[in-house]
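Notes to accompany the following structure.
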Amino acid sequence: MLKKNHQIVALAVNTGALLPFHPQLPTVIIATAITILTANIPDIDIKLPFVKHRGFTHTIWSWLLVSLLIYSLTQSKLCASMVSLSYLMHLITDSFSVAGIKWFAPLTTKSHTLFKGYKVGGPTEAVFASLCLGCYIIFIIQIL
Ligand SMILES: [Zn+2]
């Protein structure tokens, strides 16, 4: 999934997760900033030498590690939950791509692909991202 689409999906999910807590606008702005900044953390492997893309950073272990690390560093439930959800949504949406990800590597090297759904940058991804953007806009309208 393209970088901007990972951000859109994470924005929709994170904002939707905030709704039951009746967030105030400053909270939504902070959550939005955190989400945009962290939605592509797993793809940091693209910039790291000697690290395979969709390797360790695309496993459940790295998700747990980053989530715990962020919470221990910030002691903020909002920040940790936004980062954790963003990271998890990145992994889930990458699982819908043709290539999939190896959730439990190195315990198993099987690549998990859900429905073999979309090709990165393809029309299915664009439609899904558009639906998520629509959800995000509806959520924001409800909050305002
Ligand atoms: Zn990725």
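Derivation of every value follows stated rules applied to the coordinates shown; laboratory data play no part. In this text the structure is predicted, and so the values were computed from the model without any measurement. As a convention, Cβ positions derive from the backbone with ideal geometry for all residues, glycine included, and neighbour counts pool all protein chains shown.
Given contacts defined as C-alpha pairs under 8 Å and at least six residues apart, what's the relative contact order of segment 56-129, whole-number percent? RCO, segment 56-129: 25 percent. Here's the picture: charge each Lys and Arg Cβ at +1 and each Asp and Glu Cβ at -1 in the chain, and of I34, T108, N14 the one pushed furthest to the positive end of that dipole is T108.
Could I have the simple spin-label model distance between A126 and L25, label points 7 Å from Cα toward Cβ, reported in nm to one decimal? A separation of 3.4 nm, rounded to one decimal place. With each label modelled as a point 7 angstrom along the Cα→C-beta vector, the A17-D45 pair spans 2.1 nm.
Counting neighbouring beta carbons within 10 Å and listing from fewest to most, the residues M82, M1 come out as M1, M82.
Placing a pseudo-label 7 Å from each Cα along the Cα-to-Cβ vector at Y71 and F56 gives an inter-label distance of 2.2 nm. Sort the chain into rounded, prolate or oblate with this rule: let a ≥ b ≥ c be the square roots of the eigenvalues of the Cα gyration tensor; rounded if a/c is under 1.5, and if a/c is not under 1.5, prolate when a/b is larger than b/c, oblate otherwise. Note, shape of the chain comes out oblate. When each full DSSP H helix of the chain is screened for a Cα extent of at least 24 Å along its own axis and an average Kyte-Doolittle hydropathy of at least 1.0, the helices passing are 123-143.
Sequence-distant contacts, meaning Cα pairs under 8 Å at least 6 residues apart, place the relative contact order of segment 3-143 at 31 percent.
Given +1 at the Cβ of Lys and Arg, -1 at the Cβ of Asp and Glu and no other charges, the dipole of segment 3-143 around its Cα centre is 300 debye to the nearest 20. Summarising the amide proton neighbourhood of Y118: residues at separation of 5 or more, or on other chains, whose placed amide H is nearer than 5 Å comprise S97, V98.
Look at the Cα gyration tensor of segment 61-144: its axes a ≥ b ≥ c give a/c of at least 1.5 with a/b at or below b/c, and that counts as oblate.
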